[in-house]
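Structure record follows, encoded as structure tokens.
All of the numbers you see were taken from the coordinates with simple rules; none came from a lab. Everything numeric here is computed off the predicted structure, so don't read it as measured data. Backbone-built Cβ (ideal geometry, glycine too); neighbour counts: all protein chains shown.
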Amino acid sequence: MDMLCMDRRIAPFLSIAMWMLACGASRSPAVKAPPAPPPEAASSATQPIRSTHPDLDFSVVSKWHLCEKDDLGDCTLQCNRGHLPSCVRLGNIYLDGKLVPTDMAVAAQAYELPCDSHMGAACFNIGLIYARKNDMGQAAAYYDRACKEGEPTGCAYLADSYADGTGVTRDPARAAGLYDRACQAGELRSCSRLGTLYALGTGVVKNGATAVRLFEKACSGGNAGGCGNLGSSYKIGLGVPRDSRRAAQLYKQACDAGAKAYCDLVERR
């Protein structure tokens with residue numbers, strides 16, 4: 001069993017959030033796209049994507065605009081015209097499955113050109129599609145591309161792959177470096193997971209003070225798992241003096257923020 005999939009009895013003392021992530025808790029994809037401009041006239045066009053790499057007709061460039069995120073027809077039209085952010089939104093529509101039945105093949109096709117054009121969010125979403133197909137090797141390859149294009153979530157998911165040995169050879173040191181990169185870019189879950197690696201001394205030199213600093217950064221930014229991990233640090237005296245009352249406060253903060261695994265610990269104080 002992977003070291004992250006620890007026994008539930010000891011999980012509270014190191015990282016319930018990390019255990020949940022490593023052992024199968026669902027992740028909701030964080031799909032990103034630029035903000036929408038003022039509404040423009042929508043097209044009723046619903047033709048499929050004509051080409052993954054269209055020959056651009058520059059006579060229509062003046063008609064480019066970012067489609068509304070829930071306008072299938074206009075997103076299809078704009079993507080066919082070569083407007084890459086609209087291709088991302090079109091892919092989101094087919095991946096999300098709320099407006100139309102989920103179609104991962106069409107979604108991947110919509111994301112391909114933006115990904116090839118250095119849009120990290122599109123590469124990341126292709127990685128999610130491969131993960132849904134349980135092709136973790138290809139998923140990791142696209143997370144890598146997303147990370148190299150500056151997408152922090154791509155770095156975070158690639159770090160997960162190296163931490164767990166999913167789709168790549170397990171490499172905790174590589175995972176730590178990627179979590180650090182994502183954390184510095186504001187991906188708070190990565191701060192919490194990096195903190196856990198420091199708490200365990202996995203892939204890095206064990207350092208309780210560094211772990212606490214990372215948990216504090218994650219928690220202060222609103223990451224529920226970071227608050228729970230910080231609570232566990234106070235519970236066992238990892239990098240800080242033992243303080244059961246402070247631990248209980250942080251467990252409650254984590255519980256109230258949606259990390260339900262910590263709710264029972266509030267009552268155990």
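Below, the figures for the structure above:
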{"item": "Stretchable slack from A209 to T102, in nm (0.36 nm times residue separation minus alpha-carbon distance)", "result": "34.0 nm"}
{"item": "Inter-site label distance for S220 and T169 at 7 Å from Cα along Cβ, in nm", "result": "3.9"}
{"item": "Residues K148 and K63, FRET efficiency given R0 of 35 Å [Cβ-Cβ distance, rounded to 0.05]", "result": "0.60"}
{"item": "Once the Cα gyration tensor of segment 149-250 is diagonalised, semi-axes √(5λ) in Å", "result": "24, 15, 10"}
{"item": "Pair R132, D243: separation of 7 Å Cα→Cβ label points (nm)", "result": "4.5"}
{"item": "Lysines with Cα under 27 Å of K148, excluding same-chain neighbours fewer than 8 positions away", "result": "K32, K69, K133, K217"}
{"item": "Taking the C-alpha atoms of segment 87-214, convex hull volume expressed per residue in Å³", "result": "94"}
{"item": "Shape category assigned to segment 216-259 from the gyration tensor of Cα positions, a/c cut at 1.5", "result": "oblate"}
